[in-house]
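The values are calculated or read from the model by the stated rules, or taken from the named source; none is laboratory data. Everything numeric in this text was worked out from a predicted model, so none of it was measured. All Cβ positions, glycine included, derive from the backbone under ideal geometry; neighbour counts span all protein chains shown.
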Amino acid sequence: MAKNESRAHTARLSNVRIAPRKARVVVDLIRGKQVGEALDILRYSDKGFAKTVYKLLDSAISNVSESDLDWDLNRLYVSKVYVDEGATWRRFRARAQGRATRINKRTSHVSIELGEF
């Protein structure tokens with residue numbers, strides 16, 4: 001990491017128990033938006049995962065305000081937000097004639113990075 005580079009403008013959430021394709025629908029709503037607008041979108045979204053992303057975005061804003069960066073909180077925007085696939089839990093369900101089928105319970109890693117206009 002470079003001397004002037006700071007990680008105070010990011011927030012990460014690992015091993016969230018939601019499939020990545022469902023999580024990407026929510027984070028695509030806020031990519032590139034100003035922070036206040038993104039919080040409003042997440043607050044009024046009917047997706048269940050929006051509450052988790054709202055908390056993560058709030059945490060990223062707190063990281064910026066508590067750091068030694070001289071950033072104006074009114075000029076913040078969501079510069080990067082992405083969802084990576086985490087570990088997959090594998091479960092089995094009994095089926096007919098003594099067989100079993102595998103059930104994949106997927107997890108996600110969510111990252112938010114804030115920038116300043």
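Side notes on the structure shown:
- Residues being free of Cβ contacts under 8 Å to residues at least 60 places away in the same chain and farther than 29 Å from Asp72 by Cα - total across segment 14-24: 2
The rows are residues; the columns are (1) at pLDDT 95 or above; (2) of a type in the set (Asp, Glu); (3) in a strand (DSSP E or B).
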{"site": "Ser59", "(1), (2), (3)": "no, no, no"}
{"site": "Val64", "(1), (2), (3)": "no, no, no"}
{"site": "Leu69", "(1), (2), (3)": "no, no, no"}
{"site": "Trp89", "(1), (2), (3)": "yes, no, yes"}
{"site": "Gln97", "(1), (2), (3)": "yes, no, no"}
{"site": "Thr101", "(1), (2), (3)": "yes, no, yes"}
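- Some residue of segment 83-99 being touching a helix residue (DSSP H, G or I) at 6+ places or on another chain (Cβ under 8 Å), on the phi < 0 side of the Ramachandran plot and surrounded by fewer than 17 Cβ atoms within 10 Å (Cβ to Cβ): yes
- Among the candidates Tyr77, Tyr54, residue that is in a strand (DSSP E or B) and either under 11 Å from the mean Cα position of the chain (by Cα) or over 17 Å from Ile18 (Cβ atoms) (or both): Tyr77
- Subset of segment 12-25 [exposed (fewer than 14 other Cβ atoms within 10 Å of the Cβ) and either assigned to a loop (DSSP other than H, G, I, E, B) or at positive phi (or both)]: Asn15, Arg17
- Segment 26-54, subset small (Gly, Ala, Ser) and within 15 Å of Lys80 (Cα to Cα), residue surrounded by the fewest Cβ atoms within 10 Å (Cβ to Cβ): Gly32
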